[in-house]
1. Provide a single number: the residues in segment B:376-407 that are within 21 Å of the chain's Cα centre (by Cα), within 16 Å of the ligand (Cβ to nearest atom) and in contact (Cβ under 8 Å) with a residue 24 or more places away in the chain.
2. Please give the number of the condition B:Gly118 fails out of (1) within 12 Å of another protein chain (Cβ to nearest Cβ); (2) at negative phi; (3) open to solvent by less than 10 Å² (accessible area, probe 1.4 Å).
3. What are the residue pairs meeting all of these: first residue in segment B:116-138, first residue farther than 16 Å from B:Val57 by Cβ, second residue of a type in the set (D, E, K, R) and more than 11 Å from the ligand (Cβ to nearest atom), Cβ atoms under 8 Å, and 6 or more apart or on different chains?
4. Within segment B:355-368, is even one residue farther than 25 Å from B:Arg77 by Cα, buried (at least 20 other Cβ atoms within 10 Å of the Cβ) and out of contact with any strand residue (DSSP E or B) (no Cβ under 9 Å at 6 or more places or on another chain)?
5. Restricting to segment A:51-92, name every residue that is more than 11 Å from chain B (Cβ to nearest Cβ), on the phi < 0 side of the Ramachandran plot and in contact with a Gly (Cβ under 8 Å, 6 or more places away or on another chain).
6. State whether one or more residues within segment B:145-164 are away from chain A (no Cβ under 14 Å), away from the ligand (no atom under 16 Å from the Cβ), over 20 Å from A:Ser84 (Cα atoms) and of a type in the set (D, E, K, R).
7. List the number of the failed condition for B:Leu9; all other conditions in (1) within 12 Å of chain A (Cβ to nearest Cβ); (2) part of a helix (DSSP H, G or I); (3) in contact (Cβ under 8 Å) with a residue 24 or more places away in the chain hold.
8. Could you go through segment B:199-214 and let me know if any residue there is open to solvent by 10 Å² or more (accessible area, probe 1.4 Å), of a type in the set (Ser, Thr, Tyr), facing chain A (nearest Cβ under 10 Å) and not in a strand (DSSP E or B).
Amino acid sequence: MPQPLNQHTGIAAAIMRDNIDTDQIIPSREMKTVSRDGLGEGLFAGWRYTEPGGRVPVPDFILNQAEQQGTSVLISGENFGCGSSREHAVWALAEYGIRVIIAKSFGEIFHGNCLRNGVLPITLPADEVDTLAAIETATVSVDLENQLVTCAQLPDWRAAFEIGEYPKRLLIEGLEPIELTLKDKDKIDAFFARDAAQRPWLYSAA
Amino acid sequence: MPQTLFDKLWTRHRVCDAGDGYDLIAIDRMLLHERTGGVALKSLQANGHEVRDPSRVFAIMDHIVSFRAGRGRDEARSPGGEAFITETRAMAHAAGIHLIDTDNPGQGIVHVVAPEQGIALPGLSLVCPDSHTCSLGALGALAWGIGSSEAEHAMATGVLRVQKPEQMRVRIDGELPAGCTAKDIALYLIARHGAGGGRRCAIEFCGSTVDALGIEARLTLCNMAVEFAAFCAVIAPDEKVLDYVADRAFAPPASAELTAMWTALATDDDAPFAFEIEIDASDIRPQISWGTSPEESGPLNMQVPADARPQALDYMGLQAGQSLLGMEIGGAFIGSCTNGRLSDLQAAAEILAGRRVAAGVRAVCVPGSQAVRRQAEALGIDQVFKQAGFEWGEPGCAMCFYAGGETFAPGTRVVSSTNRNFEGRQGPGVRTHLTSPAIVAACAVAGEICAPSDLPVLEAETV
Ligand code: SF4
């Protein structure tokens, strides 16, 4: 079960590219076992390490810098997490310690995967993201209940964000979506019973 | 109240309001593959849940399987990849779901197999932990890609909690110029409106150009919808679709009732869309990508834009203002769920017949499924590829994405009939140019980026 998330303060790293896809977040070669675990090391492997499959850090890459150790907030551009649906991208981010991602927009499947794994995706207007990204090693605070982002280095700056009630509850309470859905089991059963009468072939395909 | 095709599909599968703008949507059929599906099955079991209705879940081996001709049953193309195959097999057996295994005559890429086997049908809701599930909307299905946790959720409960997306209509009218395909429509659309242009939308493709496309071409068009950030894509089923799905393995026997149900899946006049895009097909030219996002595409004879992203130029080894035509290539790949169907192979074979791949180019063709392979072999298309110097592989995702293991060398410029030109997608440092199968074939022969019409005309006796 993901850890509940409500208030969070942490060091932010800005990787200001648009269209960072899930192949970049976790290259396929780093998905070595049929498991959700052991992926943090492979996070951004193509940018983080000098050689494919190697573990020698690229000194320039932001997450390899000394002052960025313990980064838990990621800042990025448009369409973050586009591409492959692999949930491994979020598992890798979460295992690495990322709890919050602030971007101009997100890939749809990735966005849903974040919510189910205790990672908060925050969409902010482009200029707000750029303001935050301009601060080196920013300390960013997020208040999910009140839907607010602040930054220690920018005392006068604050940004409100939108999030639905359901994703908010998922994250704050660490809800289990399957259990939640099964509260409507009677309605689900009734639907399938009705449907099986209308489309019997769908329920009897050998 | 007039409804769109998408509204009709949504309403048909809506179990109940789940609060906060979410609906519970019933899932008719689910697809899994060994790369992400195995994790979902395993985690489902670990969490003490069962598959609610195993008869409506299908696991297919495609992502990690070796494409080496004569591959073994568990042979993977990446080190350690066998585990994905063997574990998914074991879990599929334990869960009692359908398994289309590596040695099954129906095996292939999940999005190629689903229509072929009649798993995907008009009016069905389908999900798969794979982003290109949107392909299946080409048959008039409600089909979208999900993550592994959602796959678990769908297997355990039979439903998903989803917010109804906004709707966009992309109307394409007119005749496509010679040499243009569904792939060119998709790249043209994404280049013009951006990789985020269809964000969170259910897109309906319609218009006379779409009507004229065959089913395989429609699958190509819908396949690329996720590269446009769409939630899903749909095309209203017509006669061609009804003919296509008839008698498929997992399709119901034809009946007047089914025909009526399926042909009713069309957008009513005056049904509202949040966004509309109109495209004149005659404006489209054969496309190729130059950068590392599908939006970084343009006509084959383009120059790299002056304002191109420096990272993209750097990765692709290009300079702003440079012409793509004439750039030397080292690799050519034909296959994938985008362009790995029979018509794609036929288009490439027309170019390759009587010609040879240029020295220094590694050219690979991997049919999208065993059925495609058998049809191609029956038509002698495999011989055309082989005589031209192409490798002819066993069906699967193959070189579409790098999984560790076999790939092109870093820095190689590759023309590819796939859907993603992301950094490293086909291998570390590999420079992917997305284009249509015929152009891939032409470039392979020329050893450089070119149009099929640029190739020297063949002597009559060699044709
Ligand atoms: S062919 Fe490529 S894009 Fe299609 S499912 Fe396989 S890996 Fe994904």
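1. Adding up the residues that qualify gives 11.
2. For B:Gly118, the exception is condition (2).
3. As it stands, the answer is B:Glu116/B:Arg248; B:Gly123/B:Arg12; B:Ala138/B:Arg218, since those pairs meet every condition given.
4. There is at least one residue in segment B:355-368 that is farther than 25 Å from B:Arg77 by Cα, buried (at least 20 other Cβ atoms within 10 Å of the Cβ) and out of contact with any strand residue (DSSP E or B) (no Cβ under 9 Å at 6 or more places or on another chain).
5. Within segment A:51-92, A:Thr71, A:Ser72, A:Val73, A:Ala92 meet the criteria.
6. no
7. If we test B:Leu9 against (1) within 12 Å of chain A (Cβ to nearest Cβ); (2) part of a helix (DSSP H, G or I); (3) in contact (Cβ under 8 Å) with a residue 24 or more places away in the chain, just (1) comes out false.
8. no
The values are calculated or read from the model by the stated rules, or taken from the named source; none is laboratory data. Every value quoted in this text rests on a predicted model; they were computed, and no experiment measured them. Positions of Cβ are generated from backbone atoms using ideal geometry, with glycine treated the same way; all protein chains shown enter the neighbour counts. Keep in mind that these areas ignore ligands, DNA and RNA; they rest on the heavy atoms of the full protein, side chains included. Shrake-Rupley method; radii C 1.70, N 1.55, O 1.52, S 1.80 Å.
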